[in-house]
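> One structure, pasted below without further comment.
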Amino acid sequence: VAYYLPERTLDNAQLEKEFPEWSVDKISRKTGIYTRHIAGEDEFSSDMGLVAINDLFDKISIDKNEIDFLLFCTQSPDYLLPTTACILQDRVGLSNSCGALDFNLGCSGYIYGLGLAKGLIESGQSKNLLLVTSETYSKFIHKNDKSNRTIFGDGASATLVTSQPDRKNFTAKIGKPVYGTFGEGYNKLILKNSGIKHKCQTSSDNYDNDGNFLFNDDYLFMDGKEIFNFTSFKVPPLIESVLNRNETYMEDVTMHIFHQANEYMLNFVRQRCNISKDRFYISIEDVGNTVSSTIPIALSRYIDEQKPTHGNKILMSGFGVGLSLGAVIIEVE
């Protein structure tokens, strides 16, 4: 696993200058985030994905021509069409016999990607697959939307999923994923004027009586309360389900890595799932919520910092936009 974060950053001190009513301490206390990385004006999902892929190739010994499939997870593609994965295939220099596919998922995207990759490998359709996540949510957020600007950052990741692991590098076997979909909540996290249905519409800014920005349908909208409730009630049974499907007990899990939404939410869900602090990994303070990239970024950091060993089990769970969720257990080989 490798990841990329844009050079440009937005820290809490900068946000405090724009929104004096929000102190640095208040922002960090509510979110656990101090700095987030922001894509440059001319930096897009394919650009960030390319850097992450090249960083991955620097870490592992595999020839580009051996890659036979590219899965690209993004909700901020370079174009509505063509698929960004096709653009990346050419920019990376992968073989013309390589499959390339975009899939549109957010916070649960990495889990779904691992599940899709596992299926392609086990069915014999692929031997060496690149799973890439890349998001530039910052380009969707209104400049006056202090809530979302404090939470979201941009980032990308690249993961090799292979039937022929190189034991010189970190390797782990992907278990049986579980998924969940609650599409009735689709409008709780939405960029309304972004596709075909509303593409010709433009919207005006809406503010409350105190002058706080509420929404503009041309920009990202998130109902934070509803997303929090969704996470609080749906994630605990999801964790129980993935443990049961993989015939694993909670005490057998070495580390839990959840979607890094914000620290307050993570700790609330951790307690509802009865997970101890020492088995729950959080790495968000200098990154923010990078949507589909949060789990692989945290996973990469966990691997580098704590060096998991043979037999260790890592339970990963993503949840959010869709509303969608998923979980999977990987076991270190």
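The values are calculated or read from the model by the stated rules, or taken from the named source; none is laboratory data. Values in this document were obtained by computation on a predicted structure and should not be read as measured data. Because the Cβ atoms are built from the backbone with ideal geometry, glycine has one as well, and the counts that use them run over all protein chains shown. Note: accessible area is taken over every heavy atom of the protein model, side chains too, but ligands, DNA and RNA are not part of it. Shrake-Rupley method; radii C 1.70, N 1.55, O 1.52, S 1.80 Å.
> Let me know the charge dipole size of region 247-333 about its Cα centre in debye, to the nearest 20, where only the beta-carbon of Lys, Arg (+1) and Asp, Glu (-1) is charged.
220 debye
> When the dipole is taken about the Cα centre of region 47-159, and only Lys, Arg (+1) and Asp, Glu (-1) are charged at their Cβ, what size is it in debye, to the nearest 20?
Using only the charged Cβ atoms, the result is roughly 340 debye.
> State whether region 100-216 is rounded, prolate or oblate according to the following rule on the C-alpha gyration tensor (a ≥ b ≥ c being the square roots of its eigenvalues): a/c under 1.5 gives rounded; otherwise a/b larger than b/c gives prolate, and the remaining case gives oblate.
The shape class here is prolate.
> Next question. For H198 and E66, calculate 0.36 nm times their separation in residues minus their Cα-Cα distance, and state this gained length in nm to one decimal.
43.4 nm
> Right, next: Using only Cα atoms, figure out Rg for region 1-119 and give it as a multiple of 2.2 N^0.38 Å.
Its radius of gyration relative to the 2.2 N^0.38 Å reference: 1.30.
> Could I ask something else about it? Of all the accessible heavy-atom surface of region 76-232, with the other protein chains kept in place and a 1.4 Å probe, what percent is carbon and sulfur?
50 percent
> In addition: Using the Cα centre of region 2-63 as the reference point, and only Cβ charges (+1 on K/R, -1 on D/E), how large is the resulting charge dipole? Debye, rounded to the nearest 20.
For this selection, approximately 440 debye.
> Mind pulling the angle between the C-alpha long axis of helix 45-59 and the longest principal axis of the chain? Nearest 10 degrees, somewhere in 0 to 90.
Between the helix axis and the principal axis of the chain, the angle is about 40 degrees.
> Looking at the chain, which longest stretch skips every one of the trypsin sites (Lys or Arg not before Pro) that is in a DSSP loop with at most 11 other Cβ atoms within 10 Å, leaving the sites themselves out?
Longest site-free region, per DSSP loop and neighbour criteria: 1-142.
> Counting only other residues whose beta carbon sits under 14 Å from that of S292, what net charge do I get with K and R as +1, D and E as -1?
-3
> Right, something else. Quick one: check the C-alpha center-to-center distance for region 278-296 versus region 224-244, whole angstrom.
So the separation of the two Cα centres works out to 17 Å.
> Take every Cα-Cα pair in the chain and report what % of them are more than 24 Å apart.
53 percent
> Which length gain, in nm to one decimal place, applies between D90 and N54 when the Cα-Cα distance is subtracted from 0.36 nm times their residue separation?
Working it through step by step, the gained length comes to 11.6 nm.
> Over region 219-283, calculate the relative contact order: mean separation of alpha carbon pairs under 8 Å at least 6 apart, over the residue count, as a percent.
38 percent
> Between region 72-121 and region 1-71, what is the separation of their alpha carbon centroids in Å?
Using only Cα atoms, the two centres lie 18 Å from each other.
> Relative to the compact-globule scaling 2.2 N^0.38 Å, provide the ratio for the alpha-carbon radius of gyration of region 221-333.
1.01
> OK, next. Please give the calculated 222 nm ellipticity per residue for the chain, where each DSSP H segment of at least 4 residues contributes -39500 (n - 2.57) and the sum is spread over every residue; nearest 500 deg cm²/dmol?
-9500 deg cm²/dmol
> In percent, how large is the relative contact order of region 1-150, given Cα pairs closer than 8 Å and 6 or more residues apart?
Reported relative contact order: 27 percent.
> Moving on to the next point. Run the quick spin-label model on E226 and I303: label points 7 Å from Cα toward the beta carbon, then report their separation in nm to one decimal.
3.7 nm
> Taking every DSSP beta bridge that has both residues in region 205-333, what percent is antiparallel when rounded to the nearest 5?
Counting only bridges with both partners in region 205-333, antiparallel ones make up about 65 percent.
> If Lys and Arg each add +1 and Asp and Glu each add -1, what is the summed charge of the other residues whose beta carbon sits under 13 Å from the beta carbon of A117?
+1
> Excluding ligands, DNA and RNA, what is the solvent-accessible area per residue of region 272-333 at a probe of 1.4 Å, expressed in Å²?
That works out to 34 Å² for each residue.
> Determine the per residue accessible area of region 12-100 with all protein chains present and a 1.4 angstrom probe, expressed in square angstrom.
Per-residue value: 50 Å².
> I want to check the label-to-label distance for S283 and E240. Put each point 7 Å from Cα in the C-beta direction and report it in nm to one decimal.
Those two pseudo-labels are separated by 3.1 nm.
> Roughly what % of DSSP beta bridges within the chain run antiparallel, to the nearest 5?
Close to 65 percent.
> Where in region 290-331 does the amide nitrogen come within less than 16 Å of the point 7 Å from the Cα of D252, taken along Cα to Cβ?
Taking a point 7 Å out along Cα→Cβ of D252, the residues of region 290-331 whose backbone N falls under 16 Å are 310-316, 328-331.
> Another question about this same structure. For region 126-180, compute the number of Lys pairs whose alpha carbons are separated by less than 27 Å, excluding pairs fewer than 8 positions apart on the same chain.
Here the count comes out as 4.
> Give the residue from L220, L266, F57 lying farthest towards the positive end of the charge dipole for the chain; charges sit on Cβ (+1 for Lys and Arg, -1 for Asp and Glu) and the dipole is referred to the Cα centre.
L266
> Could I ask something else about it? If each residue of separation counts as 0.36 nm, what is the full-extension length gain between E7 and E122 once their alpha-carbon separation is subtracted?
Stretched fully, the E7-E122 segment lengthens by 37.6 nm.
> Counting Lys and Arg as +1 and Asp and Glu as -1, what is the net charge of the other residues whose Cβ lies under 11 Å from the Cβ of W22?
Once all neighbours under 11 Å are counted, the net charge is +2.
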